[in-house]
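The structure under discussion appears below in the form of structure tokens.
The values are calculated or read from the model by the stated rules, or taken from the named source; none is laboratory data. Everything numeric here is computed off the predicted structure, so don't read it as measured data. Here the Cβ positions follow ideal geometry from the backbone for every residue, glycine too, while neighbour counts run over all protein chains shown. In case anyone asks, the SASA skips ligands and DNA or RNA and just uses the protein heavy atoms, side chains included. Shrake-Rupley method; radii C 1.70, N 1.55, O 1.52, S 1.80 Å.
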Amino acid sequence: MKTSLQEHPVTFSQELDLRYLELLKEKAPYERCKRELLKLENRWLQKAKTPAQRLAVQRIIASTILTEAYGDRLPWKEFGRWLRRLLQLGFRDLGMRVHVTCLYVQSLHLFPQQAREAWGMLEDAERRVRRLRRENPLREEQMEAIAHARKVARVPRPALPMGTPTREW
């Protein structure tokens, strides 16, 4: 028996969580997940009252679809589409930046030609995390995520030509 909250989600996050869990339980293929998440996005974009609310919905949906593309080991054409979308929308916080960047580095074996950009993004994310106060619990958590991504990456960081500036993300 479903609770009334499950029947009538109050917030975007609640509805997203419930819908996404249903899709995971059903082991829905990527295309169906993407279609359902984009429907959810459209519904909540219509309900959004401010540009900030619209942006938040777009970022969360794009991040969720990117995570699905990573999980299904999709090629650059699809993974890159959602990565570019997120870069265009901007990251809502440092945690999202680290998550997305770690997925990017860990998936490089599927599109190694993107290695320089992915590793540059990881180094930038690490610099940003290191700026957090040492006592901030998120600092340690995010440094562990970055260390894990480095450890499991199948494509090494390409060497930079002498005098090449790194790009800030």
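When the charge dipole of the chain is built from unit charges on Cβ atoms (+1 for Lys and Arg, -1 for Asp and Glu) and taken about the Cα centre, the candidate among Gln53, Gly90, Leu21 whose Cα reaches farthest toward its positive end is Gly90.
Shown for the chain are the DSSP H helices of 15 Å or more along their axis, judged by Cα atoms, with a mean Kyte-Doolittle hydropathy of at least 0.5: 94-106. Carbon-plus-sulfur accessible fraction, the chain (probe radius 1.4 Å, protein heavy atoms only): 54%.
Surface listing: Ile60, Ile65 arranged by accessible area from highest to lowest gives Ile60, Ile65, probe 1.4 Å. Summary: within the chain, the longest segment free of GluC sites (Glu not before Pro) located in DSSP loops with at most 12 other C-beta atoms within 10 Å is 27-134. Placing +1 on the Cβ of every Lys and Arg and -1 on the Cβ of every Asp and Glu, with no other charges, gives region 96-139 a dipole of roughly 300 debye about its Cα centre. With viscosity 0.692 mPa s and temperature 37 °C, the Kirkwood radius over alpha carbon pairs of region 19-85 converts through Stokes-Einstein to a diffusion coefficient of 265 µm²/s. Per-residue accessible area (protein heavy atoms, 1.4 Å probe) orders Asp17, Asp93, Asp124 as Asp17, Asp93, Asp124, starting from the largest. The distance from the alpha carbon centre of region 10-72 to that of region 98-118 is 22 Å, rounded to a whole number. First obtain the Kirkwood hydrodynamic radius of the chain from its Cα pairs, then insert it into the Stokes-Einstein equation at 25 °C and 0.890 mPa s, and state the resulting D in µm² per second as a whole number. For the chosen part, D equals 140 µm²/s.
Taking 0.36 nm per residue of separation and subtracting the Cα-Cα distance, full extension of the segment from Gln88 to Asn136 would add 14.5 nm. A convex hull fitted to the Cα coordinates of region 70-127 yields 74 cubic angstrom per residue. On a per residue basis, the chain carries 61 Å² of accessible surface, using protein heavy atoms and a 1.4 Å probe. Free of any trypsin sites (Lys or Arg not before Pro) that DSSP assigns to a loop and that have at most 16 other C-beta atoms within 10 Å, the longest stretch within the chain is 93-130. A helix-only calculation puts the chain at -22500 deg cm²/dmol for mean residue ellipticity at 222 nm, using -39500 (n - 2.57) for each DSSP H run of at least four residues, averaged over all residues.
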